[in-house]
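Here's the structure, in structure tokens; my notes come after.
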Amino acid sequence: MNTHVLIIGAGTTGTGIARDLSLRGIQCVLVDKGDINAGASGANHGLLHSGARYVFKDGEAAVECRDESRLLKHLAPQCIEDTGGLFVAVEMDDDNYIADFPGMCDKYHIPCKMISTREARELEPCLAPDLKAAFAVEDAVVDPFMLSLDNAADAQLHGTTIMRNTAVTGFRKENGQITSATVLNTRTGETQEIEALQYVNATGAWADTVSAMAGVNIPMIYSKGSLLVTQDRINQQVINRLRRASDADILVPGGTVSIIGTTSVEIDSLDEIRPTPEEVDSIIKEGAVMVPELEKTRYIRAYAGVRPLVSTQNGQGRSITRNYTLKDHLKDGLENFISITGGKLTTYRLMAEKASDIIARRLKNYEPCLTAERELPASKKGEWTEPAKSARLWMNKKDPKGTLICECEMVSEQMVNHIVDSLKSEGARPTLREVGNRSRIGKGPCQGTFCSFRLASYLYGTEELVDTEGLEQVREFVNERWKGFMPLVRDKELMRVELQESFLCGLFGLEKEIHDT
Amino acid sequence: MTPETVDSKNILPCKLAVIGAGMAGIAAAVFAANRNIPTVQVGRVSEIGFSSGCLDLFATLPHPEVRSEYSQGEHTCSGSTQAFDHPFEGIEHLVKAYPSHPYARLTRQEIETGFDEFMQFMAGAGIEYHCGTDTNPRIITPAGTLKSTWCVPSFMQEGSRAIEEKKRILIVDIKGLKGFGALQIAQNLKKILPGVQGKTITFPGRETSGDLHCEHLGRDLENPGLFDRFAQTLMPHVKDVDVVGLPAILGIYRFDAARHKLEQVIGKKVFEIPTLAPSVTGMRIKEASLSRLPQLGVTGFSSLVKQIDMDSDGDFMFNVTRGLETVTVKAKYLLIATGRFMGRGLVVEDGIIREQLMGLPVYQPRNRSQWFHRDFFHAQGHPINRAGVETDACFRPLDIRGKVFHPRLFTAGSLIAHQDWKREKSGAGVSIASAIKAVATIAEQG
């Protein structure tokens with residue numbers, strides 16, 4: 001396979017670069033070892049920063065956020081819920097920090113308006129009663145899935161080939177050039193060579209893993225951040241705690257839920273990125289200082305992402321810059337390989353532009369970048385997602401007609417048929433996981449106890465499943481839900497787990513080999 | 001023997017009060033009635049409605065690993081399970097692996113007596129059970145797995161027999177009845193039971209409706225016309241099979257009669273397969289047992305008990321409601337069979353698992369992060385499953401120092417620590433056996 005540019009990593013940066021380059025007329029192949037936004041791009045708050053969050057620590061980042069968020073609100077409104085945001089301080093928070101905040105915003109021309117605490121509590125009745133300061137800012141909410149899917153779709157429209165489940169396993173090099181990348185289809189096990197003129201490493205936390213295959217080391221620090229999704233939407237605007245960045249100080253609304261986070265836990269390996277019960281407890285405890293009802297509310301899921309931080313000096317976790325890192329690798333002796341990592345969801349477009357500028361220049365393409373002017377077309381693929389809701393592609397539609405497979409989220413047989421057809425047209429097998437990724441099945445209060453099983457029964461009935469594969473898939477499906485639910489099991493959730501286990505293990509015996517009776 | 005009647009102060013004295021309406025509570029009340037102990041049984045809802053209808057004894061040993069209790073921080077070690085065809089042989093292995101298991105306090109004879117008395121009671125209530133002689137019978141689950149159990153109710157009996165005799169089984173599902181797939185069952189079983197096939201039919205009068213429920217279909221079948229049409233729908237498919245398996249749609253009360261009638265019409269043996277919640281088979285057990293108990297002289301209250309006090313005689317006192325009336329029960333002995341989290345026998349406060357009613361000490365993992373394995377299906381079973389109330393040899397709860405909490409306070413069922421009924425397939429067995437031991441002790445003490 002031949003192309004001008006091979007882009008590795010289909011997060012917001014990778015899809016953004018694919019669109020940017022293809023709009024300049026450059027042919028691209030975009031590969032990801034998993035799916036679009038499978039990494040940190042899909043496991044974050046979905047917060048479009050006004051910049052106010054960074055005024056103390058990183059003025060440059062604050063200005064970039066200010067400009068990019070304005071651009072995106074204008075160019076990709078379908079991905080954004082322009083909620084507005086608040087910065088609030090409670091009794092225990094540092095007075096000096098509060099006093100300096102409006103001046104710092106002013107310094108970077110980031111709109112920030114002091115409002116009375118009464119007004120803040122009128123806007124957001126969920127706020128703590130001991131509020132002592134509040135400021136209104138221009139924060140908003142962005143759906144990272146829709147954003148990446150729309151970028152991917154527009155890139156495809158302009159000639160980009162997208163390959164999911166395609167992992168780079170090695171590079172061939174010759175005279176300071178990468179000549180080809182070996183890629184493995186993780187579903188079929190087939191490998192092939194992709195020959196490109198330029199190679200872009202946009203793999204986020206995996207930047208070092210990929211660059212190491214080309215013989216280049218990028219010193220990374222992996223900072224895991226966990227977030228919790230509430231069952232109901234608690235707030236209308238983004239609520240930030242006005243203090244030095246710390247755990248659980250941002251509550252972001254999105255669709256019908258709210259998301260509280262994050263933590264910052266340094267981890268050594270990317271093998272197992274999952275939230276822990278300790279993190280959940282700490283998020284709830286900290287978050288409740290700002291929004292007391294977080295203590296009592298019901299949560300439906302916990303998830304975690306890894307911030308890809310490149311260690312420059314001796315900083316750790318939050319003190320390392322959140323700004324992006326763009327390496328051209330010339331010093332490493334490679335002429336056609338760049339890595340771009342770090343950064344923020346809000347500034348993804350700018351990152352893509354900077355990376356694309358280098359690549360275009362190297363290819364002697366002098367077309368201007370168009371992404372700062374041209375609207376991002378809303379694609380049909382994005383319709384499967386719901387604003388900033390969680391780390392999967394969810395079909396938001398509810399269809400209470402016909403037999404319901406998923407009673408919690410009202411997913412009917414007809415809708416499943418629709419998804420099965422679309423999967424098959426893409427050449428994919430309709431497994432529980434695939435149908436789950438494209439619908440809200442399993443995301444409601446039963447967390448897959450009944451619906452995963454009903455879905456399996458239904459797919460057996462339509463002869464999509466044979467042998468014992470459906471039960472294997474139920475196990476996999478339940479465990480995927482368990483990953484995000486286990487850390488949240490605190491009290492009443494135990495009833496549900498008990499019921500689930502009494503069916504899946506007590507009655508079906510799914511903890512055993514399927515025919516070990 | 002019925003407790004004395006309510007006196008002028010609305011106080012109802014009795015010898016034994018059983019709190020709980022699940023398997024353990026019902027069994028305790030039955031055993032007490034069999035021993036002429038004046039008994040009040042209190043409980044509102046229970047998980048028995050979710051039951052498959054079978055009575056498990058023991059089938060699977062989750063291997064405990066080399067472990068110091070709950071000390072491992074990461075539950076990533078892979079475990080293994082061992083299946084036992086002979087439950088009593090398996091129990092010997094179980095109590096070696098888990099020396100504090102409730103079965104370790106029971107003899108085979110005690111367990112068998114409990115099952116005998118309970119099955120006799122259920123027969124009187126209208127549900128005949130067939131017990132394994134030495135090996136566990138197996139039933140077909142709606143997942144298409146086989147489940148080993150100990151006592152199989154009449155309505156599943158032919159299925160069990162067909163499995164052992166490897167007969168040609170037709171599993172039938174009904175269009176619109178979700179969560180029960182004949183093809184799913186047939187596909188999953190085909191390697192071990194090649195004679196199983198699946199067929200979907202439409203239910204007469206409900207050909208086009210979306211969501212069907214077993215309970216409604218049961219009511220439909222009480223209509224002779226619909227019943228006949230249903231049987232005729234089945235007819236063309238049963239020619240080349242020996243036995244027909246249906247989801248449990250033959251009603252909550254007259255299921256035996258319905259089955260016999262169907263067998264006559266189609267000329268084949270019929271059995272039912274339990275379905276997911278709401279489970280008709282579980283409702284059968286619940287309805288039959290709770291309506292039978294008063295006939296044995298047990299006074300029942302469908303009420304929630306919030307608090308237990310002691311009066312000056314040293315008796316247990318608590319309030320129950322019947323309609324608008326509040327009655328104070330005064331009991332010499334108290335047996336709590338309030339179950340686990342679903343029954344709210346166990347609750348969590350500030351991250352600590354507590355026994356709800358009496359504040360009994362609860363054996364439990366050190367903290368919340370050690371409750372569960374990361375793999376939901378980890379073969380070892382989740383550590384939290386063995387949390388519960390620790391007892392002495394006749395199932396009297398222990399206090400924090402390991403002494404009997406109160407000489408006349410007993411417990412039974414899933415509230416007891418050191419068992420994992422879901423993984424061991426020992427739910428009914430633990431309930432029945434602990435109940436009979438506790439009640440026999442009460443009978444002896446007089």
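The values are calculated or read from the model by the stated rules, or taken from the named source; none is laboratory data. The structure displayed is predicted, hence computed values, not measured ones. Every residue, glycine among them, receives a Cβ derived from its backbone with ideal geometry; neighbour counts consider all protein chains shown.
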*Of the numbered conditions (1) touching a residue at least 24 places away in the same chain (Cβ under 8 Å); (2) touching a Leu at 6+ places or on another chain (Cβ under 8 Å), A:Val183 satisfies every one except a single condition; which is it?*
(2)
*What's the number of the condition B:Pro294 fails, among (1) touching a residue at least 60 places away in the same chain (Cβ under 8 Å); (2) closer than 30 Å to B:Glu128 by Cα?*
(1)
*Go through (1) among the small types (Gly, Ala, Ser); (2) on the phi > 0 side of the Ramachandran plot; (3) not assigned by TED's automatic domain parsing to the domain that holds A:Ile234 and name the single condition A:Gly84 misses.*
(3)
*Out of the residues in the range B:241-282 that are part of a helix (DSSP H, G or I) and within 22 Å of the chain's Cα centre (by Cα), which is surrounded by the most Cβ atoms within 10 Å (Cβ to Cβ)?*
B:Thr281
*With the condition kept exactly as written, say whether any residue in the range B:51-60 is within 30 Å of B:Ser369 (Cα to Cα), modelled with pLDDT of 95 or more, small (Gly, Ala, Ser) and under 20 Å from the mean Cα position of the chain (by Cα).*
yes
*Of the criteria (1) on the phi > 0 side of the Ramachandran plot; (2) in contact with a Leu (Cβ under 8 Å, 6 or more places away or on another chain), which one A:Gly51 fails*: (2)
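Considering only residues that are of a type in the set (Gly, Ala, Ser) and surrounded by fewer than 21 Cβ atoms within 10 Å (Cβ to Cβ), look in the range A:319-353 and name the one that is modelled with the highest pLDDT. Talk me through it step by step, then tell me what you get.
As a first pass, look at the range A:319-353 and keep what is of a type in the set (Gly, Ala, Ser): A:319, A:333, A:339, A:342-343, A:352.
Restricting the remaining residues to those that are surrounded by fewer than 21 Cβ atoms within 10 Å (Cβ to Cβ) gives A:319, A:333.
Numbers: A:Ser319: 52, A:Gly333: 93.
Across the range A:319-353, the extreme among qualifying residues is A:Gly333.
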_Being away from chain B (no Cβ under 14 Å) and surrounded by fewer than 19 Cβ atoms within 10 Å (Cβ to Cβ) is the filter here; which residues of the range A:277-287 pass it?_
A:Glu286
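Rundown of residues vs (1) among the hydroxyl-bearing types (Ser, Thr, Tyr); (2) within 30 Å of A:Met114 (Cα to Cα), yes/no style:
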residue: A:Met213; (1), (2): no, no
residue: A:Pro219; (1), (2): no, no
residue: A:Arg243; (1), (2): no, yes
residue: A:Ser246; (1), (2): yes, yes
residue: A:Gly254; (1), (2): no, yes
residue: A:Ile260; (1), (2): no, yes
residue: A:Val265; (1), (2): no, no
residue: A:Asp268; (1), (2): no, no
*For the range B:153-173, what are the residues that are farther than 16 Å from B:Ile249 by Cβ, hydrophobic (A, V, I, L, M, F, W, C) and in contact (Cβ under 8 Å) with a residue 40 or more places away in the chain?*
B:Ala162, B:Ile169
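Let me confirm something: among A:Lys132, A:Lys173, which residue is surrounded by 14 or more Cβ atoms within 10 Å (Cβ to Cβ), farther than 28 Å from A:Ile80 by Cβ and out of contact with any helix residue (DSSP H, G or I) (no Cβ under 9 Å at 6 or more places or on another chain)? Reasoning before the result, please.
On the way: A:Lys132 fails: out of contact with any helix residue (DSSP H, G or I) (no Cβ under 9 Å at 6 or more places or on another chain).
So the residue among A:Lys132, A:Lys173 that is surrounded by 14 or more Cβ atoms within 10 Å (Cβ to Cβ), farther than 28 Å from A:Ile80 by Cβ and out of contact with any helix residue (DSSP H, G or I) (no Cβ under 9 Å at 6 or more places or on another chain) is A:Lys173.
Conditions tested, residue by residue: (1) closer than 30 Å to A:Gln473 by Cβ; (2) within 14 Å of another protein chain (Cβ to nearest Cβ); (3) not in a loop (DSSP other than H, G, I, E, B).
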position	(1), (2), (3)
B:Pro99	no, no, no
B:Ile111	no, no, yes
B:Gly114	no, no, yes
B:Thr133	no, no, no
B:Asn136	yes, yes, no
B:Glu158	no, no, yes
*What are the residues in the range A:470-517 that are surrounded by 20 or more Cβ atoms within 10 Å (Cβ to Cβ), of a type in the set (S, T, N, Q) and facing chain B (nearest Cβ under 7 Å), if any?*
A:Ser502
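Take the conditions on the phi < 0 side of the Ramachandran plot and either assigned to a loop (DSSP other than H, G, I, E, B) or touching a residue at least 60 places away in the same chain (Cβ under 8 Å) (or both) and apply them to B:Gly176. Does it pass? Reasoning before the result, please.
Working: on the phi < 0 side of the Ramachandran plot: no; either assigned to a loop (DSSP other than H, G, I, E, B) or touching a residue at least 60 places away in the same chain (Cβ under 8 Å) (or both): yes.
The answer is no for B:Gly176.
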*Can you tell which of A:Leu6, A:Leu47 is touching a residue at least 60 places away in the same chain (Cβ under 8 Å) and either under 18 Å from A:Ile273 (Cα atoms) or in contact with a helix residue (DSSP H, G or I) (Cβ under 9 Å, 6 or more places away or on another chain) (or both)?*
A:Leu47
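Can you spot a residue in the range B:425-436 that is assigned by TED's automatic domain parsing to the domain that holds B:Ala104 and touching a Lys or Arg at 6+ places or on another chain (Cβ under 7 Å)? Steps first, answer last, please.
Residues of the range B:425-436 that are assigned by TED's automatic domain parsing to the domain that holds B:Ala104, as a first pass: B:425-436.
Add one more test, that the residue is touching a Lys or Arg at 6+ places or on another chain (Cβ under 7 Å), and what stays is none.
No; the residues of the range B:425-436 include none that is assigned by TED's automatic domain parsing to the domain that holds B:Ala104 and touching a Lys or Arg at 6+ places or on another chain (Cβ under 7 Å).
Suppose we keep only residues that are charged (D, E, K, R) and either farther than 15 Å from A:Asn151 by Cβ or part of a loop (DSSP other than H, G, I, E, B) (or both) within the range A:335-365. Which one would you say is farthest from the chain's Cα centre (by Cα)? Explain how you work it out, then say what you get.
Within the range A:335-365, the subset charged (D, E, K, R) is A:335, A:344, A:349, A:353-354, A:357, A:361-362, A:364.
Then drop every residue that is not either farther than 15 Å from A:Asn151 by Cβ or part of a loop (DSSP other than H, G, I, E, B) (or both), which leaves A:335, A:344, A:354, A:357, A:361-362, A:364.
Details: A:Glu335: 31, A:Lys344: 11, A:Lys354: 22, A:Asp357: 25, A:Arg361: 30, A:Arg362: 31, A:Lys364: 34 Å.
For the range A:335-365, the residue satisfying everything is A:Lys364.
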*Residue count for the range A:53-111, restricted to those that are under 30 Å from A:Ser148 (Cα atoms) and of a type in the set (A, V, I, L, M)*: 11
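Of B:Gly198, B:Gly181, B:Gly205, which residue is small (Gly, Ala, Ser) and at pLDDT 95 or above?
Details: B:Gly181 fails: at pLDDT 95 or above; B:Gly205 fails: at pLDDT 95 or above.
Exactly one residue qualifies, and that residue is B:Gly198.
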*How many residues, within the range B:84-137, are surrounded by 15 or more Cβ atoms within 10 Å (Cβ to Cβ), farther than 30 Å from B:Phe255 by Cα and in contact with a strand residue (DSSP E or B) (Cβ under 7 Å, 6 or more places away or on another chain)?*
4
*Members of the range B:174-204 found to be within 12 Å of another protein chain (Cβ to nearest Cβ), closer than 27 Å to B:Leu221 by Cα and either among the aliphatic types (A, V, I, L, M) or under 25 Å from the mean Cα position of the chain (by Cα) (or both), listed by number*: B:Ile174, B:Leu177, B:Lys178, B:Gly179, B:Phe180, B:Gly181, B:Ala182, B:Leu183, B:Ile185, B:Ala186
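Looking only at the range A:188-214, which residues are under 23 Å from the mean Cα position of the chain (by Cα) and not in a strand (DSSP E or B)?
Step one: filter the range A:188-214 for residues under 23 Å from the mean Cα position of the chain (by Cα), giving A:200-211.
If the condition is that a residue be under 23 Å from the mean Cα position of the chain (by Cα) and not in a strand (DSSP E or B), then A:Ala202, A:Thr203, A:Gly204, A:Ala205, A:Trp206, A:Ala207, A:Asp208, A:Thr209, A:Val210, A:Ser211 are the ones that fit.
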*Among the residues of the range A:418-452, which ones are free of Cβ contacts under 8 Å to residues at least 40 places away in the same chain, within 14 Å of another protein chain (Cβ to nearest Cβ) and within 20 Å of B:Ala182 (Cβ to Cβ)?*
A:Ser452
*Filter the range B:392-437 down to residues that are among the small types (Gly, Ala, Ser) and not in a helix (DSSP H, G or I) and give me whichever is surrounded by the most Cβ atoms within 10 Å (Cβ to Cβ).*
B:Ala412
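Within the range A:99-123, how many residues are surrounded by fewer than 20 Cβ atoms within 10 Å (Cβ to Cβ) and under 14 Å from A:Leu242 (Cβ atoms)?
Our first condition is that a residue be surrounded by fewer than 20 Cβ atoms within 10 Å (Cβ to Cβ); within the range A:99-123, this holds for A:99-100, A:102-104, A:106-109, A:111, A:113-119, A:121-123.
Right, trim to under 14 Å from A:Leu242 (Cβ atoms) and you get A:99-100, A:102-104, A:113-115, A:117.
Residues that pass the stated criteria total 9.
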*In the list B:Ala412, B:Ala393, which residue meets the criterion of being under 30 Å from B:Ser148 (Cα atoms), more than 21 Å from the chain's Cα centre (by Cα) and in the same structural domain as B:Ala83 (by TED's automatic domain parsing)?*
B:Ala393
*Of the numbered conditions (1) in contact with a helix residue (DSSP H, G or I) (Cβ under 6 Å, 6 or more places away or on another chain); (2) more than 23 Å from B:Phe50 (Cα to Cα); (3) of a type outside the set (A, V, I, L, M, F, W, C), B:Gln380 fails exactly one; give the number of that condition.*
(1)
